[in-house]
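Accompanying notes for the structure given below.
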Amino acid sequence: MQLFLPQNIFGKLIADNLLPECDKNINYMPSSLLSKTLKDSESAVALIPTSDLIQNKDFFVSKKFGLSFEGGLCNSYFYFIPGQKEISEIALVGDVSSVEVIFSKILFKEIYNTDVGIKIVSDDSRLNGLNYLESGDKNFFSGKFLDGISFAEEIIDALNLPFVNYVFASKEKSLIEKINGDFLGLGNRLYDYVESDKHVKYFSLPTSNYIKENISSLVIDFEQQDLEGITQLIQLPYFHGIINDIVEVNFV
């Protein structure tokens, strides 16, 4: 079985804590490519952005494991120009996926009743004078995330549910059944790994300390509220007229 994971700290933490018999054929890639790669692959599971399920209704999805956020720690942060009262456009930069494209726009409509334009920017050097959302590890490498606004917290405020950023999906139901068994204990192993400071190899000490202090808000082992979070999240585009039909998730 091939396992495709997002190329970020959270994908790495998951990989580092898989049992030896589970960690074969792991591949990291940009979040925007995960679903396409899964679709084109055989005998594969991928940790895909949750909103990719809108275009991949036939994927089977684990109801036991994924990547959910319940607080400030997350993969994406907003950075706003100080003192600006009206925002008409948000630039997206970094490891951008359908989650950021769809829900940054919906968030501004839900919370501020404002229609914003979305602009994807190729690199940080083009962000001068822009309000933007950055996704991926650059938030943590620079430490600037401490001055940003957590994308997860904004989604949580809008839904009153956890923000499920990624789900484990496959074209094959049997593979989801397999990981549902093989991944037992993954969440606790990940927490112990971070509590033992084994994650510090990836980042500076202040960033590593922040992740350690907030690791309990990262959820790997899903509960009912996480499943409700998935359902509510992928229904939002329907209620905002972005898609024509409500998507039913094939939970396994």
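The values are calculated or read from the model by the stated rules, or taken from the named source; none is laboratory data. Because the structure is predicted, anything quoted here is derived from the model rather than measured. Methodologically, a virtual Cβ is constructed for each residue, glycine included, from the backbone with ideal geometry; neighbour enumeration extends over all protein chains shown.
What number goes with the only condition from (1) crowded, with 18+ Cβ neighbours inside 10 Å; (2) without any contact (Cβ under 8 Å) to a residue 60 or more places away in the chain that V96 does not pass?
Only one criterion in (1) crowded, with 18+ Cβ neighbours inside 10 Å; (2) without any contact (Cβ under 8 Å) to a residue 60 or more places away in the chain is unmet by V96, namely (2).
For the stretch 185-197, give me each residue that is in a helix (DSSP H, G or I) and touching a helix residue (DSSP H, G or I) at 6+ places or on another chain (Cβ under 8 Å).
Taking the stretch 185-197 and keeping what is in a helix (DSSP H, G or I), we get 186-195.
Of everything in the stretch 185-197, those that are in a helix (DSSP H, G or I) and touching a helix residue (DSSP H, G or I) at 6+ places or on another chain (Cβ under 8 Å) turn out to be L186, L190, Y191, Y193, V194, E195.
Would you mind finding the one in F108, F78 that is surrounded by fewer than 22 Cβ atoms within 10 Å (Cβ to Cβ), touching a Gly at 6+ places or on another chain (Cβ under 7 Å) and farther than 27 Å from F183 by Cβ? If you could, list the steps in order and put the result at the bottom.
Working: F108 fails: touching a Gly at 6+ places or on another chain (Cβ under 7 Å).
Going through F108, F78 in turn, just one is surrounded by fewer than 22 Cβ atoms within 10 Å (Cβ to Cβ), touching a Gly at 6+ places or on another chain (Cβ under 7 Å) and farther than 27 Å from F183 by Cβ: F78.
How about the stretch 66-184: which helices (runs of 4 or more DSSP H) wholly inside it have at least 3 residues that are at pLDDT 90 or above and under 17 Å from P6 (Cα atoms)?
Values: elements: 98-112, 138-142, 151-159, 173-182.
In the stretch 66-184, 98-112, 138-142 are the helices (runs of 4 or more DSSP H) which contain 3 or more residues that are at pLDDT 90 or above and under 17 Å from P6 (Cα atoms).
Can you pull out the residues in the stretch 53-80 that are under 11 Å from the mean Cα position of the chain (by Cα) and under 14 Å from E100 (Cβ atoms)?
Correct list: F69, C74, N75, S76.
Within the stretch 49-96, restricting attention to residues that are among the charged types (D, E, K, R) and out of contact with any Pro (no Cβ under 6 Å at 6 or more places or on another chain), which residue is farthest from K109 (Cα to Cα)? Walk me through it before giving the result.
Within the stretch 49-96, the first condition is being among the charged types (D, E, K, R), and the residues that meet it are 52, 57-58, 63-64, 70, 85-86, 89, 95.
Add one more test, that the residue is out of contact with any Pro (no Cβ under 6 Å at 6 or more places or on another chain), and what stays is 52, 57-58, 63-64, 85-86, 89.
Details: D52: 21, K57: 26, D58: 29, K63: 29, K64: 31, K85: 16, E86: 13, E89: 12 Å.
Applying the filter and picking the extreme gives K64.
Can you tell me which condition E223 does not meet? The list is (1) out of contact with any strand residue (DSSP E or B) (no Cβ under 7 Å at 6 or more places or on another chain); (2) crowded, with 16+ Cβ neighbours inside 10 Å; (3) charged (D, E, K, R), and all the others hold.
That leaves (2) as the condition not met.
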